[in-house]
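What follows draws every value from the coordinates through simple rules; no lab data is involved. Source: prediction; values computed, not measured. Glycine gets a Cβ as well: all are built from the backbone with ideal geometry, and neighbour counts include every protein chain shown.
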Amino acid sequence: MLDRELGSEWEGEDINSAEEKIDEGNGLFLSLSFLVILLFSASMAFIWYMIKPRLIEISPYLYTTAGIAIAVFVFYTLLKYTVTVLSVVTGKNLPPFFNINSPSIVILICQYAIKIGKTFGISIDRIGNSFVNFNNSLMRVIKKGSRNERLLVLLPRCIQNSKCKQKVAEDINNCKDCGKCVITEFKALGKEYRFHINVATGGSLARKMVHKLRPSSILAVACERELVSGIQDTGSIRVLAIPNLRPEGPCKNTTVDMNKVRNVINFIYDNENENLSLEGKVSGTIVEAGARG
Ligand code: SF4
């Protein structure tokens, strides 16, 4: 796991060329992931073709065993990929006997999809945006929302107005609610739903917070690059991610579509068909939503 500071994903890049807002669907990631799977299958067949004469020379049993092992590995990977894609496309966790609770294959595919996409001149941000959408769909399929969720909201420091001197990274309650950035809206949502909010100044601090609070779900807001790295880092915890908007380029005065934020929070707390009116204060620890009201 690499240590990352906020903005390190943009080091050495022309940030002026960064897109302010990207809105990719699942299609781009799906197409690239299909290419990755095709290349993977072709590579395994090629490896088998190359080592086959040597294996026969050593032992016919070794040849048979290696053949079965490679065939099982390829079949399992293809099956897992197909079921994952079908689950996202149909919106159903298919089939129940097949465990897709670990989205590791999607994360692994993403790394190669970014490499392949780059050779076609597709930006990491567009691929990352599509991956984040795909991952969100998968997370929604794998686990339904629940009032007992322990939610941690992770925000990047660049979402705070650059002229503001309030130490919101220490405690979001230090925000004076002037309304110049969306921190004030997150603070209000945190009071309403009693989830913990952390304004992260870097990847290592965000990870420490995840380790300390052990949330059951994370809502992460950041640029696509940070989100892709963050999703890879968090392992088995469900992460729903929303790419930020960058009207002044990356890492300065960024913002986020609050309608998307409310939509995700409503899903996480299984509120989509209800309108719970809740009161409380942002606490220093995660309070189970089930304890509200
Ligand atoms: S809303 Fe809060 S964090 Fe944002 S600029 Fe105003 S005081 Fe600072």
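Some values worked out for this structure:
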item	result
Rounded Å value of the spacing that divides the Cα centres of the stretch 202-258 and the stretch 100-146	14 Å
Loop-resident sites, the stretch 107-192, for chymotrypsin sites (Phe, Trp or Tyr not before Pro), counting at most 13 other Cβ within 10 Å (DSSP)	120
Ranked 37, 47, 268, criterion: other C-beta atoms within 10 Å, fewest first	47, 37, 268
Amide hydrogen neighbours beyond the local backbone of residue 153, cut-off 5 Å, H modeled	196, 197, 198, 219
Whole-Hz couplings from phi, Karplus 6.51/-1.76/1.60, listed for the stretch 189-204; x for Gly and Pro	5, x, 5, 5, 9, 6, 9, 8, 10, 10, 8, 8, 8, x, x, 5
Residue-wise HN-Hα coupling along the stretch 141-156, computed from phi with Karplus coefficients 6.51, -1.76, 1.60 (Hz; x: Gly, Pro)	6, 5, 9, 6, x, 8, 5, 8, 5, 9, 9, 10, 9, 10, 10, x
Reachable lysines, given that their alpha-carbon falls under 25 Å from the alpha-carbon of residue 118 and they are not under 8 places away in the same chain	21
Neighbour cut-off at most 16 other Cβ (10 Å), DSSP loop, GluC sites (Glu not before Pro), the stretch 106-214	170
Whether the stretch 22-142 is rounded, prolate or oblate, judged on the alpha carbon gyration tensor where a/c under 1.5 counts as rounded	oblate
Loop-located trypsin sites (Lys or Arg not before Pro) in the stretch 160-211 whose Cβ has at most 11 other Cβ within 10 Å (DSSP)	163, 165
Least to most buried among 90, 184, 84 (fewest other Cβ within 10 Å first)	90, 184, 84
Reachable lysines from residue 144, criterion Cα separation under 21 angstrom, eight or more residues apart if same chain	80, 92, 260
For 267, 46, 195, order by how many other beta-carbon atoms lie within 10 Å, fewest first	46, 267, 195
